[in-house]
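One structure is given below, encoded as structure tokens.
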Amino acid sequence: MIPAQFDYAAPATLDEALSLLAERPDDAKILAGGHSLIPAMKLRLAQPALLIDIGRVKDLSYIREEGGQIRIGAMTTHYQLESSERLREICPLLPECAASIGDVQVRNKGTIGGSLAHADPAADWPAAIISLRAELVAVSSRGERVIAADDFFVDMLTTALRPDEVLREIRINAPGGRTGQAYMKVHHPASGFAVVGVAVSLTLGADGKCSAAGVGITGVATKAYRAAQVEGALVGSTPDEQTTASAASHAADGVDANGDIYASADYRRHLAVVYARRAIAEAVAKIK
Amino acid sequence: MKKAVQINVNGTTRETEVEPRLLLVHYLRDVLGLTGTHVGCETSLCGACTVTVDGQAVKSCTMFAVQADGSNITTIEGLAHDGELHPVQEGFWERHGLQCGYCTPGMIMAAAQLLERNHAPTREEIRHGLEGNLCRCTGYQHIVEAVEYASKAVNREP
């Protein structure tokens, strides 16, 4: 399990990293926490000629509140997100999702930005990021642009990031009002990845009816997706047991599900429905 | 091309030139001869290679030595002080937290991190905190007891 040879650069600033990447967009890779890329390099599934380690770039690891948004630096580790008291108050889905990733050692080193940019179809963050309608800030030596979560995941291990771009920040509108959130997943018993994972963020209006709903699902298809039909069935309804079950029944509608030796496509579709129902019920139960 | 790295391991600063692709676990074992850190699965699952880098428990098979340039690393060899076992080591000794011993160094490093963050974990919290470490002998029962023993020992200290 020895990776192929590569050149290594550890720039001190993001500008330096971006100009290195701009010079060699085709054979350079950005190294964040390394917990997706290094395993792929050890299997020689990835053989970048140049590794640009952004672990020494200052100010890429933070959780801030700015302009009504939560802003998370791409190099923020899963553990930092899991252990943030402030996030537990204002957006508990983020620490809950973080805590479900891998194990303690993985969470200590792995980063939210690295996980999102890798876009593993069984990763946890994409479900949460989609349900929260996050914005992802991509930066290159040409400038900066904001990508909506819905447009970010393109296919298996493929994102909307261009070869010379780096994911710099994740922005989330802090949920207001009577909001409940939950992330529920079926852990793969060996790897800890999501066989199926459903993230829900649901807001109730003064009349007790659902005024906004976000449902993101990972593990089922080649990329995480928004369960738009589930959201549509929830908004405007009173999310009781019956409504929840009927909304959740659409969790895998029109989805081309993955099947493997652990879970067939039909089983994954079934799990998506069951876990959507449970996650919605849990989110509703958490609303004060 | 080789890179010069300066890494403090168990209190001693080492300056070495390494290939960028050298994994931290191989740096510790093959370059420094610290073979207490074990290579288990090599796929960041089993935890046998756990060490702390700047106080954070990590799997040293999933990190390049160059990433650790300028860091402080503690391995199992650096856990005891002045001949006195770390409470977790003592717990493993007193409660027989091992059989073959292969997973033990990583298990102890992960347990030390767990107790640093939670001084009095419940049995369930101990099991959850050691999720990233696999043992194929003990069935974990004695390991949980060893960590419980250690947490009591830590809390006894003034």
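No lab work stands behind these numbers, since they all come straight from the coordinates. What you are looking at is a predicted structure, and each value in this text was computed from that prediction instead of being measured. Note that we place each Cβ from the backbone using ideal geometry, even for glycine, and neighbour counts take in every protein chain shown.
Brief remarks on what is shown
- Spin-label model, A:ALA265 to A:VAL154: label points 7 Å out along the Cα-to-beta-carbon direction sit 2.4 nm apart.
- Sorting A:LYS288, A:LYS29, A:LYS58, A:LYS109 from the fewest to the most surrounding beta carbons within 10 angstrom yields A:LYS288, A:LYS58, A:LYS29, A:LYS109.
- Of A:CYS210, B:CYS49, the sequence from fewest to most neighbouring Cβ atoms within 10 angstrom is A:CYS210, B:CYS49.
- Interatomic Cα distance distribution for the protein assembly as shown, bins of 20 angstrom, percent: 25, 54, 21, 0
- Peptide A:1-12 shows a mean partner chain C-beta count of 4 within 10 Å per residue C-beta.
- Burial ordering of A:TRP125, B:TRP93, fewest other beta-carbon atoms within 10 Å first: B:TRP93, A:TRP125
- Given charges at beta-carbon only (K, R positive; D, E negative), |dipole| of the protein assembly as shown in Debye: 500 debye
- Top of A:GLY110, A:GLY254, A:GLY33 by mean-square fluctuation, Gaussian network on chain A, Cα under 10 Å: A:GLY254
- Within a Gaussian network of chain A (alpha carbon springs, distance under 10 Å), most fluctuating of A:ASP26, A:ASP155, A:ASP124: A:ASP26
- Inter-chain neighbour count for B:52-65: the average number of beta-carbon atoms from partner chains within 10 Å of each residue's beta-carbon is 5.
- Look at the dipole of chain B built from charges on Cβ: of B:TYR149, B:GLN99, B:THR62, the Cα furthest out on the positive end belongs to B:THR62.
- If the segment from A:THR238 to A:ARG145 were pulled out straight at 0.36 nm per residue, it would be longer than the present Cα-Cα gap by 29.7 nm.
- Taken about its Cα centre, the range A:1-92 carries a charge dipole of about 280 debye when Lys and Arg each add +1 at the Cβ and Asp and Glu each add -1 at the Cβ.
- Around A:ARG278: net Lys/Arg minus Asp/Glu count, Cβ-Cβ under 13 Å: +1
- P(r) for the range A:178-286, from all Cα pairs and a bin width of 5 Å, is 2, 14, 26, 24, 15, 10, 5, 2, 1, 0 %, short bins first.
- Of all the options A:ALA190, A:ALA123, A:ALA265, the one that moves most in a Gaussian network model of chain A with Cα springs shorter than 10 angstrom is A:ALA190.
- For A:CYS210, the shell of other residues with beta-carbons less than 11 Å away shows a net charge of -1, using +1 for Lys and Arg and -1 for Asp and Glu.
- When you restrict to C-alpha pairs under 8 Å that are six or more residues apart and normalise by the size of chain B, the relative contact order lands at 24 percent.
- Cα-based Rg and Dmax for the range A:7-54, where Dmax is the largest Cα-Cα distance (Å): 10.4, 31
- Each Lys and Arg Cβ is given +1 and each Asp and Glu Cβ -1; about its Cα centre, the range A:26-179 then shows a dipole of about 240 debye.
- Extended-chain gain in nm, criterion 0.36 nm per residue less alpha-carbon gap, A:MET1 and A:GLU66: 19.0 nm
- Shielding by partners - mean other protein chain Cβ count within 10 Å, residues of B:132-138: 2
- For the range A:1-80, relative contact order (Cα pairs under 8 Å, six or more residues apart, normalised by length) works out to 36 percent.
- Multiplying the residue separation of A:ASP27 and A:ALA190 by 0.36 nm and subtracting their alpha-carbon distance yields 55.5 nm.
- Along the axis of the charge dipole computed for chain A (Cβ charges of +1 for Lys and Arg, -1 for Asp and Glu, origin at the Cα centre), the listed residues A:VAL215, A:SER237, A:GLY254 are led at the positive end by A:SER237.
- The fraction of Cα-Cα pairs per 10 angstrom bin, counted from 0 for the range B:20-144, comes to 14, 47, 32, 7, 0 percent, rounded to whole percents.
- Net charge contributed by nearby residues that have their C-beta within less than 12 Å of B:LYS3 (K/R +1, D/E -1): -4
- Charge dipole of the range A:138-186 about the Cα centre (unit charges at C-beta), most positive-ward option of A:ILE147, A:GLN181, A:PRO163: A:GLN181
- Pairs beyond 24 Å (Cα-Cα), from A:LYS109/A:LYS288; A:LYS29/A:LYS223; A:LYS109/A:LYS286; A:LYS223/A:LYS288; A:LYS185/B:LYS152; A:LYS29/A:LYS185: A:LYS109/A:LYS288; A:LYS109/A:LYS286; A:LYS223/A:LYS288; A:LYS185/B:LYS152; A:LYS29/A:LYS185
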